[in-house]
Amino acid sequence: MNLQLFNELANTAIKYMSPQEDWRFMQADTYQFYNITHNSVYNATIPDWRKYKNEVFDEIRKHINNKDALISNLILVKTTPHTIIHPIPIESGIIPLKSDGLYGAIRPYTNRDKVIRQTYLHSPWMFQWNQDDSFGFYIDEDKVLFPGGRVMNMYSDGESLFWYFKIDNAFKINPITSKRNSLVEKRQEQVHE
Amino acid sequence: MSKEFAVNIRQAGAFSYEPNTQPDVDETLTNSKFDLEPIKIFVGTSEYEDNWIERILVYSLHSNTERKLDITFMRPSWSKDWNKRMWGTPFTNHRYAIPELCNFEGRAIYMDADQLNFRDIEHLWNTELENCAFGMVWDPLNKNPKSHEGTEYERGWFSDSVIIMDCKKAKKYIDPIEEIKVCDWNYKNVFQKNIHSPYRERCEDIIVKRIDARWNSFDGCVTDDECEDRQTQKHYELEDIWHLHFTSLSSQPWHPKYSPFGKAPYKRQDIADELWKVAYKVQDIVDI
């Protein structure tokens, strides 16, 4: 993955954008660049996003080995020691640019509700993750994480910096209710934007 | 003006603006507007969460005028002991304190922080108010109190997010600060009643002078265009906007941390681009 691209965009965002809040990353500075909701497509208005967007999406698709992936969310996250991170859902990934004690635990579940309780952990490295068929580890800088069909707990212990992305999986979960056609349309929009 | 209230722009982390007193520079300033009284501007804002847009607003105001500006940020910490029940923002009723803070003398401009200036603010400052106490833009879509629902007065009133005021004349319509701060009914309602809202015929050109809508364009809209809703309202071309108000917390091109709303796309990319041009300049200066 071309991490220089993600670093450049992150540096621009931190320098020029106003930090935001996001429910997934409590007490962190966040910068939302892209989000698909049921009725709108959000794009950050900062001009650099227009410049890098297609390249960023292509890099992510290449990394997850799915050239047709519909990326539905992209957020830059700058943590503090006080940041609390909601469990990362399936089909989501992390691109760590700076890891200051950032810790992750990949869990054997598809539902975030099953792992929400472990969000409280003060010292996740002391937890016996293997007893729950889970894998706990310090997250390395520049090592992209995409646990695919498994959810992940994440813990901040300092000032880390990472990108969070989400691949739309509505069709996978329920093909009947996912409105496949509208997703295909959005996918086309994303490619042609 | 009370000391704690006068948070000047230097304290707010933005830009100070002092006329250069060096002799060689003085020559270049002969007959310039530096000798005129400063334009008093009061900005309603949050404690620190809006610093980003505050700096941009201040920069845009200075870059479009030769006049000295006396900018005061009105922050929530100033009004800790005020009754803030039913306030829509952390600074809703601060604007009504302005005439008294100016000792009921001269003029003052009020504006919310989430705005961007495109035209010399001196033109607004010099707006002819005739006998009126206030100058505001007419907003035909402004929702009036529920008691007027179903009547011809259901919608339409003057927007108070940009106000030019004659502080002496304003005294007649605004109560003393000591009364505003204890008001249990959101003082905005009291003020609106004092200026006969929503009865336009009893207010326009008597108490409030309707000013050019380009001084408070809501996200590029022709704010005083008579229409059904904001979606169908006419828009100004970028070069016709004098002063722009980013009205919706959810769709502002930035998202202050206190906003409880979801993030929505901003519809006018041309306006957003202008905002970012200023944002880049401001941040480059701050980083020096």
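For segment B:250-283, a tally of residues being aliphatic (A, V, I, L, M), within 14 Å of A:Ser18 (Cβ to Cβ) and without any contact (Cβ under 8 Å) to a residue 40 or more places away in the chain returns 1. Looking only at residues in segment B:184-196 that are farther than 21 Å from B:Ile109 by Cα and without any contact (Cβ under 8 Å) to a residue 60 or more places away in the chain, the one that is surrounded by the most Cβ atoms within 10 Å (Cβ to Cβ) is B:His196. Residues in segment B:232-249 that are without any contact (Cβ under 8 Å) to a residue 12 or more places away in the chain and among the hydroxyl-bearing types (Ser, Thr, Tyr): B:Thr232 alone. Taken together, the residues in segment A:44-89 that are among the basic types (Lys, Arg) and either within 19 Å of B:His255 (Cβ to Cβ) or buried (at least 16 other Cβ atoms within 10 Å of the Cβ) (or both) amount to 4. Residues in segment B:129-152 that are out of contact with any Gly (no Cβ under 9 Å at 6 or more places or on another chain) and in a loop (DSSP other than H, G, I, E, B): B:Glu130, B:Asn131, B:Cys132, B:Ala133, B:Pro145, B:Glu149, B:Gly150, B:Thr151, B:Glu152. Take A:Trp49 and tell me if it is part of a helix (DSSP H, G or I) and at negative phi. Judged against the criteria, A:Trp49 is a match. When the test is whether a residue is among the polar types (S, T, N, Q), farther than 22 Å from B:Pro90 by Cα and not in a strand (DSSP E or B), B:Gln283 passes it. Checking segment A:7-16 against the condition returns a match, with at least one residue being within 14 Å of chain B (Cβ to nearest Cβ) and either in contact with a Lys or Arg (Cβ under 7 Å, 6 or more places away or on another chain) or more than 27 Å from B:Asn51 (Cα to Cα) (or both). Selection of segment B:269-279 for residues being crowded, with 16+ Cβ neighbours inside 10 Å and either more than 11 Å from chain A (Cβ to nearest Cβ) or more than 21 Å from B:Val137 (Cα to Cα) (or both) yields B:Ala272, B:Glu274, B:Leu275, B:Trp276, B:Val278, B:Ala279.
Looking across A:Tyr164, A:Tyr109, one residue alone is out of contact with any strand residue (DSSP E or B) (no Cβ under 8 Å at 6 or more places or on another chain), surrounded by 14 or more Cβ atoms within 10 Å (Cβ to Cβ) and at pLDDT 90 or above. It is A:Tyr109.
Of all residues in segment B:159-184, those being more than 22 Å from B:Lys209 (Cβ to Cβ) and under 19 Å from the mean Cα position of the chain (by Cα) number 0. Per the listing A:Ser92, A:Ser99, A:Ser134, the residue uniquely over 18 Å from the mean Cα position of the chain (by Cα) and at pLDDT 95 or above is A:Ser134. Per the listing A:Asn43, A:Asn54, the residue uniquely away from chain B (no Cβ under 14 Å) and either at pLDDT below 95 or touching a helix residue (DSSP H, G or I) at 6+ places or on another chain (Cβ under 9 Å) (or both) is A:Asn54. Residues B:Glu49, B:Glu54: which one is within 21 Å of A:Gln20 (Cβ to Cβ), crowded, with 17+ Cβ neighbours inside 10 Å and touching a strand residue (DSSP E or B) at 6+ places or on another chain (Cβ under 8 Å)? None of the other options fit; the residue is B:Glu54. State all residues of segment A:7-23 that are assigned to a loop (DSSP other than H, G, I, E, B) and either touching a Phe, Trp or Tyr at 6+ places or on another chain (Cβ under 6 Å) or in contact (Cβ under 8 Å) with a residue 12 or more places away in the chain (or both); if no residue qualifies, say none. Once the filter is applied, which keeps residues that are assigned to a loop (DSSP other than H, G, I, E, B) and either touching a Phe, Trp or Tyr at 6+ places or on another chain (Cβ under 6 Å) or in contact (Cβ under 8 Å) with a residue 12 or more places away in the chain (or both), segment A:7-23 yields A:Met17, A:Ser18, A:Pro19, A:Asp22, A:Trp23.
Right, A:Tyr31: within 10 Å of another protein chain (Cβ to nearest Cβ), at pLDDT 95 or above, within 29 Å of B:Ile271 (Cβ to Cβ) and within 13 Å of the chain's Cα centre (by Cα) or not? Yes.
The values are calculated or read from the model by the stated rules, or taken from the named source; none is laboratory data. Everything numeric in this text was worked out from a predicted model, so none of it was measured. Neighbour counts run over all protein chains shown; Cβ positions are idealised from the backbone, glycine included.
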